Amino acid sequence: MRIVLIGPPGAGKGTQARVLAGRLSVPAISSGDLFRAETSRGSALGELIKRHTEAGELVPDELTTTIVTRRLHEPDAGGGFLLDGFPRTVRQAELLAQALEEDKTVLDAVIALDLPDDEIVQRLTGRRMCQACGMAVHTVFSPPRVPGRCDGCAGALVRRADDTEETVLRRLAVYAEQTVPLLRWYADRELLLPVDAKGAVPEVSDRMRAALAAVTR
Ligand code: AMP
């Protein structure tokens, strides 16, 4: 299956993408993770990307799409994929549709996670990520067993540079301006499956699974 997962920052896209991709046996491909990998290489491209991500702004559409579609052409994504955080603008969605058309494929569904702004700010400012495996925890809602260490792989837990309150608010504004119009774009193409992202991870996963089952039966 070829699925897109959209949602405001902090709605749990990364966590849910891993769960669903595991169930569907397809790779979860996160544009944010691809950017963080490039940034950590310290390349000139990484420096350019960092200027946008650290300000809470979007990386330009053409550059983003080039990086993501290159990843989509790797062999493990040949039988399907779950895109996490891409596309984020109508322009990116158009470019993705073109790339898929060239590959003679289409998307099966677009899941849109929904969460109120106050909950997002609370979730993101307490979020810590494992530097080694990328798993997310929350200092209050899902604290790690050993402070500062990932429960899964014992890697160091760090705060993302763009999870400060000021940058989170900017990311939310960018989502409202640039990504919300994309929801209508996919709804018009009868691909959109809205899912409430409130509650515990398994509850949200179950809602996503039920929404997908209804359209893929
Ligand atoms: P994420 O890990 O999905 O929260 O993404 C982190 C940051 O990477 C975002 O705040 C953006 O600056 C950038 N980013 C991720 N995906 C995209 C995208 N599809 N288009 C533009 N910028 C993106």
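Of all residues in segment 28-84, exactly one satisfies the criterion of being touching a strand residue (DSSP E or B) at 6+ places or on another chain (Cβ under 6 Å) and surrounded by fewer than 18 Cβ atoms within 10 Å (Cβ to Cβ), namely Gly80.
Only one entry in Val121, Val140 is away from the ligand (no atom under 12 Å from the Cβ), touching a residue at least 40 places away in the same chain (Cβ under 8 Å), surrounded by fewer than 18 Cβ atoms within 10 Å (Cβ to Cβ) and of a type in the set (A, V, I, L, M, F, W, C), namely Val121. Annotation for segment 115-128: no member residue is more than 23 Å from Gly56 (Cβ to Cβ) and within 17 Å of the chain's Cα centre (by Cα). If only residues of segment 82-98 that are over 13 Å from the mean Cα position of the chain (by Cα) and closer than 17 Å to Met1 by Cβ are counted, the one that is nearest to the ligand (Cβ to nearest atom) is Leu96. Would you point out which residue out of Val146, Val168 is among the β-branched types (Val, Ile, Thr) and within 16 Å of the ligand (Cβ to nearest atom)? Answer to the check: Val168. All of (1) in contact (Cβ under 8 Å) with a residue 24 or more places away in the chain; (2) under 27 Å from Ala176 (Cβ atoms); (3) away from the ligand (no atom under 11 Å from the Cβ) hold for Ile67 with one exception: (3).
When the strands (runs of 3 or more DSSP E) confined to segment 1-84 are screened for residues that are more than 21 Å from Arg128 (Cα to Cα), those reaching at least 1 such residues are found at 2-6, 81-84. Answer yes if at least one residue in segment 48-61 is near the ligand (Cβ under 10 Å from one of its atoms), more than 17 Å from Ile6 (Cα to Cα), touching a Phe, Trp or Tyr at 6+ places or on another chain (Cβ under 6 Å) and not hydroxyl-bearing (Ser, Thr, Tyr), and no otherwise. Yes, that holds for at least one residue.
We did not get these values from a lab; they are worked out from the coordinates using the rules stated. Worth saying up front: this structure is predicted, and the values here are computed from it rather than measured. No Cβ is skipped: glycine too gets one built from the backbone with ideal geometry, and neighbour counts run over all protein chains shown.
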